[in-house]
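The values are calculated or read from the model by the stated rules, or taken from the named source; none is laboratory data. None of the values given here were measured: they were computed from a predicted structure. As a convention, Cβ positions derive from the backbone with ideal geometry for all residues, glycine included, and neighbour counts pool all protein chains shown. Side chains included, ligands, DNA and RNA excluded: accessible areas come from the protein's heavy atoms. Shrake-Rupley method; radii C 1.70, N 1.55, O 1.52, S 1.80 Å.
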Amino acid sequence: MLSRGRCFPAASRIRPLVRAFCDVPPSLQDAAAGVPSSQDHTEKVDDVKARPDELDIAIVGGGMVGLAVASNMPLTKHLRVGIIDSNPALKSRNYLKKDGVPDSRVSTITPATISFFRDIGAWDHVQQQRHAFFGKMQVWDYTGLGYTRYSARDVGKEYLGCVVENKVLCNSLLLRLQEENGDIEKMIYPTRLISLALPSKSRQAPTREAISSGYPPEELNRSNLVKLELSDGQTLYSKLVVGADGSKSNVRQTAGIKTTGWNYPQSAIICTVEHITENDCAWQRFLPSGPIALLPIGDNYSNIVWTMSPEESLRHKSMSPEDFVKSVNNALDFGYGPHPHSGSLDYYMEKLFSDIGSTAASTKECFEVPPKAIGVVCERMAFPLSLKHSHDYISKRLALVGDAAHTVHPLAGQGVNLGFGDAAALAKVIAEGVSVGADFGDISLLKRYENDRKAANVAMAALLDGFQKMYSVDFGPLNVLRAAAFHGAQYISPLKKNIISYAMGDAKWPLYHGNHIIYQFERNGAIGIIAKPV
């Protein structure tokens, strides 16, 4: 339920880049991809002023990742940034109360993501609202052949991750934007994108001769901009469009960017349940139809993410609250199979691997039964699951981030963390381009963002797809192999620590060490990865 994007160490370097750019002479600032030199967001190009309907960066989608891009955008006081989204929640400007029932839509964010939020100044706002750290995690399957426990103490940390409601993350980013920019109403366009027209590769800006012969002066600016038609009748022009509009991205489809992927024969049910006592551990059990996760969300509440067949999801969504709670407790206890028990194999494995590195603290921890749910306290929601990956993350004056570029199976809660990694990487590339006066919408500059993120995202997608397939088959020899994997992760301390570090965002892809690059390949509709020496 943890994840990591490779770019977070780079994200911490964005602030120095911004400070460095602020020391650039005004003449260079004005030349930096059309950055305005005054607070009224106007600029001059050959004595032609930028019009109010012209933006430097148009972000389509005001969800968590889109807002993270805006909040992390360098020099937002100098760049004209617009967020296009009709969601009324973007009007929120106050802290959300902690004493209400938690929303069913939550994210498990990693320490790497938390560091990212700290870097952009949004984490202080999260801390004023509901969130729940957890320092322990237990994973097992229905066969009872093995289990694995993880602890933050294994790697000398205080926590493994934090569960936060999606609306809290969005609200915290909005509050940070308001701090940075004052009145952000001018940034938000409460409407929908109808269409966009990308500049043609062959299209050139009009020459001075053309202008002197009567060519409309404003075309000098707009000939190389993206044109956005909005549902309220407005037309905007932007130097860069960021598609952060989800898995069914209108931006991606309009730009003609193709995807590879497939639908899983599964749906996920999410909801919030209540306990008698507070839950401080993340639990995940693999069942024949898919995993069920119980995630602490604060006080006596936990979030349920339960993967099952579409037919079963409809049945569980419509059953009575009492029957649903019984089904949840059954799935997390004796249902489908026995509890794992320590045996002679565990004893010998512990002895065998005790001398390999320092022993992880959780190695000697016994299996525990998750806390019982006593009630379901919010609406149950169901949604289909799929894997999707865009062939390209960029085009001229366009970049995709988050689910618009990639969607993964939710069995490890990786998706939003990958999206925040995209936001950090894209902002870093833009900051670097602005600092040297480059055109940040140029495809050669945006290619750096794509190269940085694609390998990490494909690697994670392939890993999660492999887990999904491995745990979707009830077959004797495969069950034994899964049990061996559980035992290995439990008793081989270096492996356990490596898994934790990767999941927390402190290490790279765990199966490849040293100077290797992960490459993507697609064959017969499948996404794969290979590693080659640099």
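Annotations
- Residue that is of a type outside the set (Gly, Ala, Ser) and at pLDDT 90 or above, where the choices are 72, 87: 87
- Checking residue 362 against (1) of a type in the set (Ser, Thr, Tyr); (2) modelled with pLDDT of 90 or more; (3) crowded, with 17+ Cβ neighbours inside 10 Å, the condition it does not meet: (2)
- Qualifying residue in the stretch 315-338 (condition: of a type in the set (A, V, I, L, M, F, W, C), modelled with pLDDT of 95 or more, out of contact with any Asp or Glu (no Cβ under 7 Å at 6 or more places or on another chain) and closer than 28 Å to residue 406 by Cβ): no
- Boolean, residue 454 is surrounded by fewer than 20 Cβ atoms within 10 Å (Cβ to Cβ) and either in a helix (DSSP H, G or I) or more than 27 Å from the chain's Cα centre (by Cα) (or both): no
- Of everything listed in (1) in contact with a strand residue (DSSP E or B) (Cβ under 6 Å, 6 or more places away or on another chain); (2) open to solvent by less than 10 Å² (accessible area, probe 1.4 Å), the single unmet condition for residue 407 is (2).
- Residue in the stretch 470-483 that is modelled with the highest pLDDT, counting only those that are open to solvent by 60 Å² or more (accessible area, probe 1.4 Å) and part of a helix (DSSP H, G or I): 481
- In the stretch 490-521, of all residues being of a type outside the set (D, E, K, R), modelled with pLDDT of 80 or more and farther than 19 Å from residue 459 by Cβ, the one that is surrounded by the fewest Cβ atoms within 10 Å (Cβ to Cβ) corresponds to 494.
- Taken together, the residues in the stretch 213-253 that are open to solvent by 60 Å² or more (accessible area, probe 1.4 Å), part of a helix (DSSP H, G or I) and at pLDDT below 95 amount to 1.
- Within the stretch 433-451, the set of residues being assigned to a helix (DSSP H, G or I), in contact (Cβ under 8 Å) with a residue 24 or more places away in the chain and open to solvent by 50 Å² or more (accessible area, probe 1.4 Å) comprises 443, 447.
- The residue of the stretch 375-404 that is most open to solvent (accessible area, probe 1.4 Å), among those that are under 30 Å from residue 100 (Cβ atoms) and among the small types (Gly, Ala, Ser), is 382.
- Restricting the stretch 259-297 to residues that are aliphatic (A, V, I, L, M) and more than 20 Å from residue 379 (Cβ to Cβ), the residue that is most open to solvent (accessible area, probe 1.4 Å) is 276.
- Members of the stretch 298-311 found to be over 22 Å from residue 108 (Cβ atoms) and either open to solvent by less than 30 Å² (accessible area, probe 1.4 Å) or touching a Ser or Thr at 6+ places or on another chain (Cβ under 6 Å) (or both), listed by number: 309, 310
- Every listed requirement among (1) buried (at least 20 other Cβ atoms within 10 Å of the Cβ); (2) closer than 22 Å to residue 293 by Cα is met by residue 372 save one, (1).
- Checking each residue in the stretch 106-127 for being free of Cβ contacts under 8 Å to residues at least 60 places away in the same chain and over 14 Å from residue 174 (Cα atoms) picks out 114, 118, 127.
- All conditions but one from (1) free of Cβ contacts under 8 Å to residues at least 24 places away in the same chain; (2) touching an Asp or Glu at 6+ places or on another chain (Cβ under 7 Å) apply to residue 377; the one that does not is (1).
- In summary, helices (runs of 4 or more DSSP H) completely within the stretch 64-137 and bearing 2 or more residues that are open to solvent by 30 Å² or more (accessible area, probe 1.4 Å) occur at 111-119, 123-127.
- Members of the stretch 321-339 found to be open to solvent by 40 Å² or more (accessible area, probe 1.4 Å) and either under 30 Å from residue 168 (Cβ atoms) or among the charged types (D, E, K, R) (or both), listed by number: 321, 322, 323, 326
Results for (1) among the β-branched types (Val, Ile, Thr); (2) in contact with a helix residue (DSSP H, G or I) (Cβ under 6 Å, 6 or more places away or on another chain); (3) in a helix (DSSP H, G or I), shown as yes or no for each residue.
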| position | (1), (2), (3) |
| --- | --- |
| 153 | no, yes, yes |
| 157 | no, no, no |
| 163 | yes, no, no |
| 167 | no, no, yes |
| 170 | no, yes, yes |
| 174 | no, no, yes |
| 179 | no, no, yes |
| 185 | no, no, no |
| 191 | yes, no, no |
